1. Considering only the stretch A:89-118, state which residues are under 18 Å from A:LYS43 (Cβ atoms) and either more than 7 Å from chain B (Cβ to nearest Cβ) or in contact with a Cys (Cβ under 6 Å, 6 or more places away or on another chain) (or both).
2. Being among the acidic types (Asp, Glu) and within 10 Å of chain A (Cβ to nearest Cβ) is the filter here, so list the residues in the stretch B:60-83 that pass it.
3. So how many residues does the stretch A:14-32 have that are closer than 18 Å to B:TYR97 by Cβ and either part of a strand (DSSP E or B) or out of contact with any strand residue (DSSP E or B) (no Cβ under 8 Å at 6 or more places or on another chain) (or both)?
4. Does A:SER70 fit the bill of being open to solvent by 30 Å² or more (accessible area, probe 1.4 Å) and under 10 Å from the mean Cα position of the chain (by Cα)?
5. Filter the stretch A:57-76 down to residues that are outside any strand (DSSP E or B) and under 16 Å from A:ARG97 (Cβ atoms) and give me whichever is farthest from the other protein chains (Cβ to nearest Cβ).
6. Count, please, the residues in the stretch B:37-47 that happen to be more than 8 Å from chain A (Cβ to nearest Cβ) and in contact with a Gly (Cβ under 9 Å, 6 or more places away or on another chain).
7. Determine, yes or no, whether A:ARG86 is open to solvent by 20 Å² or more (accessible area, probe 1.4 Å) and closer than 22 Å to A:SER25 by Cα.
8. Quick test of your reading of the structure: A:GLN117 fulfils all but one of (1) under 23 Å from A:VAL2 (Cβ atoms); (2) open to solvent by 40 Å² or more (accessible area, probe 1.4 Å); (3) at pLDDT below 95. Name the failing condition by number.
Amino acid sequence: EVQLVESGGGLVHPGGSLRLSCAPSGFTVTDNYMTWVRQAPGKGLEWVSVIYSDETTYYADSVKGRFSISRDNSENTLYLQMDSLRIEDTAVYYCARMGDFWSGYLHYSYGLDVWGQGTTVTVSS
Amino acid sequence: DIVMTQSPDSLAVSLGERATINCKSSQSVLYSSNDRDYLAWYQQKPGQPPKLLIYWASTRESGVPDRFSGSGSGTDFTLTISSLQAEDVAVYYCQQYYSTSWTFGQGTKVEIK
């Protein structure tokens, strides 16, 4: 079965750090674009960051310079290192897989087809 | 960044009736190299992660009931639930993955009237 399991959430003080992990089963983190999406309490979805198959990374402006996405190919794990945390970073953090494939020389992405259950990050003094 | 704007923010529809949600992007999300709109729709029920319903604006994900359909291209998109069922009560989000900075709409809450 294809699934994602996040871990690493918790309570942290403003200015602190936390590292989230996301472990897939049924596929490898190098096969697809992998992303983090968060949801503040009672709010909508906010895209946070993505790492492409070639390890190119992109970030939302709200976390740029504070968060870092990475992966460990040998451990088959996705990470989100979160530094200089702010109260407004409080959210459920989901990792998700972007489904994609190649047809000849054309690349097709088709949406976030696998999601984890989420891990809760609370930033509070 | 591409801004995604959904309308309405919420709607109440009677069981068996049609529900229509609109999504407008601030710029085109049509990927010219493969002629696909990089626009997806997700359904999120309370306490659950989002679920992919529609991708490329109009392609239904495997296992999604055919009462869900998507339409539109370029900057204007629509999600339609042709005959609302009780289990469709949820928040629905559109998302563009065209740019290097992906963005979601603010969400539309669908309830039973």
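The values are calculated or read from the model by the stated rules, or taken from the named source; none is laboratory data. Everything numeric in this text was worked out from a predicted model, so none of it was measured. Positions of Cβ are backbone-derived with ideal geometry, glycine not excepted, and every protein chain shown enters the neighbour counts. The protein model used for the area step is the full one, side chains on, heavy atoms only, and it has no ligands, DNA or RNA in it. Shrake-Rupley method; radii C 1.70, N 1.55, O 1.52, S 1.80 Å.
1. Passing the criteria: A:ASP89, A:THR90, A:ALA91, A:VAL92, A:TYR93, A:ALA96.
2. First pass over the stretch B:60-83, keeping only residues among the acidic types (Asp, Glu): B:61, B:66, B:76.
Passing the criteria: only B:GLU61.
3. Here the count works out to 1.
4. Numbers: open to solvent by 30 Å² or more (accessible area, probe 1.4 Å): yes; under 10 Å from the mean Cα position of the chain (by Cα): yes.
Yes, satisfied.
5. My answer is A:ASN73.
6. Within the stretch B:37-47, the subset more than 8 Å from chain A (Cβ to nearest Cβ) is B:37, B:39, B:41, B:43, B:45-47.
If we keep only those that are in contact with a Gly (Cβ under 9 Å, 6 or more places away or on another chain) as well, we get B:37, B:39, B:41.
Within the stretch B:37-47, residues that are more than 8 Å from chain A (Cβ to nearest Cβ) and in contact with a Gly (Cβ under 9 Å, 6 or more places away or on another chain) number 3.
7. Values: open to solvent by 20 Å² or more (accessible area, probe 1.4 Å): yes; closer than 22 Å to A:SER25 by Cα: no.
Judged against the criteria, A:ARG86 is not a match.
8. Condition (3) is where A:GLN117 drops out.
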